[in-house]
1. Among the candidates B:70, B:59, single out the residue that is under 19 Å from residue A:67 (Cβ atoms), within 14 Å of another protein chain (Cβ to nearest Cβ) and among the hydroxyl-bearing types (Ser, Thr, Tyr).
2. Taking helices (runs of 4 or more DSSP H) that do not extend beyond segment A:6-103, which have at least 2 residues that are under 11 Å from the mean Cα position of the chain (by Cα), of a type outside the set (S, T, N, Q) and more than 7 Å from chain B (Cβ to nearest Cβ)?
3. Answer yes or no as to whether residue B:124 is more than 14 Å from chain A (Cβ to nearest Cβ) and not aliphatic (A, V, I, L, M).
4. For residue B:3, all conditions in the list (1) within 14 Å of chain A (Cβ to nearest Cβ); (2) in contact with a Phe, Trp or Tyr (Cβ under 9 Å, 6 or more places away or on another chain); (3) modelled with pLDDT of 85 or more hold save one; what is the number of the exception?
5. May I ask you to list pairs of residues, at least six apart or on different chains, whose Cβ atoms are under 6 Å apart, with the first in segment A:72-84 being in contact (Cβ under 8 Å) with a residue 24 or more places away in the chain and more than 14 Å from residue B:79 (Cα to Cα) and the second being among the acidic types (Asp, Glu) and exposed (fewer than 15 other Cβ atoms within 10 Å of the Cβ)?
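The values are calculated or read from the model by the stated rules, or taken from the named source; none is laboratory data. Note that this is a predicted model, so its numbers are computed, not measured. Here the Cβ positions follow ideal geometry from the backbone for every residue, glycine too, while neighbour counts run over all protein chains shown.
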Amino acid sequence: MALLSNDDLEIDKLIHEPARLKIMAQLYVVEEVDFIFLMRQTGLTWGNLSSHMSKLEEAEYIEVRKEFLDKKPHTILKLTSKGRDAFKKYRSTLDKVFKDLPQ
Amino acid sequence: MTMNEQDLVEIERKSYRELMQDGSTEALLGLILLVFPGLIAESGFVPIFVVFYIFFMPYLIEVYRKRYVYPRIGYVKVKEEEPPKLTLGIAMVVLLIFAAVIVLLYTLWIGLIDRFFIWRWLPTVFGFIMWGPSLYLKEKTGQNRYYLLGTLMMISGVAISLTISIPAELAMIYYMVSWGSFFLVLGLVRFLLFIRMYPVIEEPEDGIVE
């Protein structure tokens with residue numbers, strides 16, 4: 001543990017929140033999804049998902065595109081390159097933390 | 001909560017499975033297999049089929065999904081497949097296929113085998129080829145049932161080839177029509193179950209917070 005600096009072990013709190021981690025992980029493995037798909041896969045409610053989505057969008061981790069499908073609003077979400085890098089970094093930080101723990 | 005590599009693979013596979021459960025993959029495969037004997041009988045249709053398959057099929061699939069799939073389970077675009085890098089292994093496989101085709105044409109030319117021999121063993125060859133999609137789907141979805149499907153297609157191909165009572169020219173047609181009908185019915189059944197299981201979800205206006 002002593003060999004790692006605090007910067008190395010700085011965990012991104014925005015991603016570390018369980019609901020947002022689910023969202024980030026889902027977006028990490030696909031190209032893009034819509035609101036309904038993400039809601040079903042993460043088990044979040046409309047309101048919860050909408051609120052977390054706004055936070056991730058503010059941090060520029062995700063890109064939200066709004067379009068119309070059969071005259072109905074349709075929200076598409078995609079991980080930005082900044083978000084992808086942040087998620088990779090988050091995973092590697094956690095790996096480092098767990099690797100360094102005594103058995 | 002951590003998120004290791006296996007977790008991410010499982011999330012990716014689940015997304016793929018979600019997209020597969022409407023039965024369209026099976027129905028489409030069934031239709032292709034049913035069209036195949038026609039293409040073998042009348043090779044003039046091959047270019048029409050290829051053009052239709054390359055240019056119109058993706059469009060039609062998307063129209064279908066927008067109408068029946070996305071309103072029920074949501075929209076997901078899975079990651080695009082990266083083209084395989086030309087490794088020594090791939091080069092060897094391509095070389096092996098070329099060599100096999102050349103040997104086959106040569107044996108046909110010198111009269112060691114005739115076209116009936118080829119017709120007879122075509123279901124076996126196709127059965128082995130179908131292992132490819134089976135392995136691909138197993139990898140993508142994580143479902144072992146695709147091994148079973150690949151094995152059954154292979155065994156039935158060998159069985160039809162070995163059944164002397166089936167005329168050689170009809171062996172491939174029997175094989176394709178049987179499997180094509182099976183997949184088409186399976187696809188339609190899965191589609192009906194999908195429609196029943198997942199009603200259309202109305203997406204409320206954005207920004208609603210509980």
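1. B:70
2. On the way: elements: A:13-16, A:18-29, A:35-42, A:46-58, A:81-99.
Correct list: A:13-16, A:18-29, A:46-58, A:81-99.
3. Criteria met by residue B:124.
4. Of everything listed in (1) within 14 Å of chain A (Cβ to nearest Cβ); (2) in contact with a Phe, Trp or Tyr (Cβ under 9 Å, 6 or more places away or on another chain); (3) modelled with pLDDT of 85 or more, residue B:3 misses just condition (3).
5. As it stands, the answer is A:74/A:67, since those pairs meet every condition given.
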